[in-house]
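A quick write-up on the structure given underneath.
The values are calculated or read from the model by the stated rules, or taken from the named source; none is laboratory data. Note that the coordinates shown come from a computational prediction; the quantities given were computed from them, not determined experimentally. Cβ: placed from backbone, ideal geometry, glycine included. Neighbour counts: every protein chain shown.
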Amino acid sequence: MNHTVKPKMKGSKQLFSNPLLERLSRTHISIPLTLYSVISIGLLYYGATEIGLQAGMMVLMFVLGFLFLTLLEYVAHRYVFHMEPTNKVKAKIQYTVHGVHHEYPKDKDRLAMPPILALLYVAIFFIVFRFALGDYVYAFVPGLLMGYATYLFVHFAVHAYQPPKNFLKILWVHHAIHHYKDPERAYGVSSPLWDYVFGTMPK
C-alpha cells in the first residue's frame, strides 16, 4: 500500500467518471446492516422450521460463522486491501478498494461494500458452505453475515463518532493506530483477536 498518502479529515474522492458507477460505489451504512439482518433472520427461521435444525447446533454453527468472519476480515484487510501495488493494475485496484478509505477515512459513504457486490458475495458464500456444511449452512452463514454486520457497525462508529468512555474505546484506539500511525499493524477492526494471534498488534 502507498504509505505516502496522508489522510484528509474532510471531503471525498470521485472514483469513477461514470455517474452511475460513482453512485453505486457509495453506500449508506443502514442499507447493508438491514440487508444482512433480514437475510440472517430468514435463513435461521428456515433452518429451524423447515429443515428442523436443533437449537444447540444452530447456536454452535452461528458462533463458528461469526468467528470465521473475524478471521476473514483480518486476512482480507491484511493481504488483499493492503496488497503491494507492484504494477498499475494492482495499484488501481488497491486504491479503489481500500486506498481511498485511507486517504479519506471520514467519508461515511465509503465505509461499507456496495449492496450489489455484497449480495454477490453472500450468494457465493452460501453456495460454498452449502456444499461444505450441508443444512448447517442455514446457521453458519447467518453467523458470518452478522459478524460482517458487526464489523460494519464498529468500523462506521469508529470513523463517525468520538470514542466512548468504556471498554469499547480499545477498538477506536486500535483502528486509529492502523490509520494514523502504523498501517502495517492493527488489521482487526471488529476485534484485535487475530492481531494477537498473528503478531500484528501495535508495538
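Would you mind stating whether THR96 is at pLDDT 80 or above and either on the phi < 0 side of the Ramachandran plot or not polar (S, T, N, Q) (or both)? Before the answer, list the steps.
Numbers: at pLDDT 80 or above: no; either on the phi < 0 side of the Ramachandran plot or not polar (S, T, N, Q) (or both): yes.
The answer is no for THR96.
Does PRO7 meet the test of being surrounded by fewer than 12 Cβ atoms within 10 Å (Cβ to Cβ) and modelled with pLDDT under 80? Spell out the reasoning first.
Working: surrounded by fewer than 12 Cβ atoms within 10 Å (Cβ to Cβ): no; modelled with pLDDT under 80: yes.
When the stated conditions are applied, PRO7 does not pass them.
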*How many residues are surrounded by fewer than 19 Cβ atoms within 10 Å (Cβ to Cβ) and either more than 17 Å from PHE81 (Cβ to Cβ) or of a type in the set (Val, Ile, Thr) (or both) if we restrict to the stretch 155-175?*
14
_Residues (touching a residue at least 12 places away in the same chain (Cβ under 8 Å), over 19 Å from LEU72 (Cα atoms) and not in a loop (DSSP other than H, G, I, E, B)) located in the stretch 100-135_ = VAL100, HIS102, GLU103, LYS108, ASP109, ARG110, ILE116, ASP135
_Selection count where residues are over 12 Å from LEU15 (Cα atoms) and among the basic types (Lys, Arg), scope the stretch 83-100_ = 2
*asked:* For the stretch 26-53: of the residues being closer than 22 Å to ARG110 by Cβ and among the polar types (S, T, N, Q), which is surrounded by the most Cβ atoms within 10 Å (Cβ to Cβ)?
replied: THR27
*asked:* Considering only residues that are surrounded by 15 or more Cβ atoms within 10 Å (Cβ to Cβ), assigned to a helix (DSSP H, G or I) and at pLDDT 80 or above, which ones fall in the stretch 81-93?
replied: PHE81
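From the list LEU53, LEU43, which one is assigned to a helix (DSSP H, G or I) and among the aliphatic types (A, V, I, L, M)? Don't jump to the end; show me each part of the working.
Numbers: LEU53 fails: assigned to a helix (DSSP H, G or I).
Residue meeting the stated conditions: LEU43.
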*Please find, within the stretch 108-155, the residue that is modelled with the lowest pLDDT out of those that are of a type in the set (Phe, Trp, Tyr) and under 13 Å from the mean Cα position of the chain (by Cα).*
TYR121
